[in-house]
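Written out below as structure tokens is the structure these notes cover.
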Amino acid sequence: MANAIAFLIVCLPSITLSYIVVCLISPWGTCTRCRPGGRNRTCRACNGSGKRPRLGWQIYVYLRRLHRDGTR
Ligand SMILES: [Zn+2]
């Protein structure tokens, strides 16, 4: 059990880091609402583009805006 916890502690930062890298490389994920049929012009989740910003990207944009507003 202790080994599993140690394994998690070691792995978690690298998983988080690789997720951040994925978000920076391709910030747009496919829309989960209209993914089976590809694009859907009437999809309200993605405005018909078929792409949605990843959660990590949204957090990055939020933090960047927070930083910009804070340092102005
Ligand atoms: Zn959609």
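Say whether the condition of being more than 15 Å from the chain's Cα centre (by Cα) and either assigned to a helix (DSSP H, G or I) or at pLDDT below 85 (or both) is met by at least one residue in segment 15-22.
So far as segment 15-22 goes, no, none of its residues is more than 15 Å from the chain's Cα centre (by Cα) and either assigned to a helix (DSSP H, G or I) or at pLDDT below 85 (or both).
Okay, residues lined up against (1) of a type outside the set (Gly, Ala, Ser); (2) surrounded by 14 or more Cβ atoms within 10 Å (Cβ to Cβ); (3) within 16 Å of the ligand (Cβ to nearest atom):
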| position | (1), (2), (3) |
| --- | --- |
| LEU12 | yes, no, no |
| SER26 | no, no, no |
| GLY56 | no, yes, no |
| LEU66 | yes, no, no |
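Can you report the number of residues in segment 23-34 which are assigned to a loop (DSSP other than H, G, I, E, B) and within 15 Å of ILE59 (Cα to Cα)?
Summing the residues that are assigned to a loop (DSSP other than H, G, I, E, B) and within 15 Å of ILE59 (Cα to Cα) in segment 23-34 gives 2.
Of the conditions (1) without any contact (Cβ under 8 Å) to a residue 24 or more places away in the chain; (2) part of a helix (DSSP H, G or I); (3) among the hydrophobic types (A, V, I, L, M, F, W, C), CYS46 clears all except one; give me its number.
It fails just one condition, (2).
Only one of THR42, THR32, THR16 is within 8 Å of the ligand (Cβ to nearest atom) and either exposed (fewer than 13 other Cβ atoms within 10 Å of the Cβ) or β-branched (Val, Ile, Thr) (or both); which?
THR32
The values are calculated or read from the model by the stated rules, or taken from the named source; none is laboratory data. What you are looking at is a predicted structure, and each value in this text was computed from that prediction instead of being measured. Glycine gets a Cβ as well: all are built from the backbone with ideal geometry, and neighbour counts include every protein chain shown.
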